[in-house]
Every structure is written in structure tokens, then in C-alpha cells.
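Coordinate-derived values only; no laboratory data. Quantities reported herein were computed from a predicted structural model and do not represent experimental measurements. Every residue, glycine as well, gets a Cβ built from its backbone with ideal geometry; the counts of neighbours run over all protein chains shown.
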């Protein structure tokens, strides 16, 4: 997925949980505040926030091994990378 406005708060929260990071750990890795991350994760729709902050959170999750899935009719989702880190698409 290429544009930050296509990542939902629920995808971000699910990805964080999938790789076992706390909100504090992910916020530190993405260089955003915990409050910013909480706002993103609480959104049912597109993750709110400055585009650079959303990109930073997504990049940190991808580095940790999360792959963001396009909706493709079944809704957006996340999964673990088969390599355990980075994007394997």
C-alpha cells in the first residue's frame, strides 16, 4: 500500500499487536508521541494524523515484520512477513 491515507487505525493497532510491541515501543521506534499513536489506533477508518507521522508508524511496523494488505474486496488487513522483518510483497 503506497499512500498513508489508506492505512486504518485498526490495521496499525493489529500490526502492533501482531509483532508484540507496546504503544510506547512503537511510538519510540516511529519517533512519534504515544498520544499521536493512540489517536491513530483509535480510528476505525483512515488513520488520522500528519502524513509523515502515519508513514513513520507504518515504516516502523514494516521494519518489525508487518505486511499491510490491500482491501481487495475482503477489507484491509495485516500479516507477518515470511522473512520476519520488512516487506516481502
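Remarks
- Taking 0.36 nm per residue of separation and subtracting the current Cα-Cα distance, fully stretching the chain between residue 33 and residue 63 would add 8.9 nm.
- FRET E, pair residue 82, residue 6, Förster distance 22 Å, beta-carbon r, rounded to 0.05: 0.45
- Cα-based equivalent ellipsoid of the chain: semi-axis lengths in Å, sorted from largest, via gyration tensor: 18, 15, 11
- Normalised by 2.2 N^0.38 Å, where N is the number of residues, the C-alpha radius of gyration of the range 40-81 stands at 1.20.
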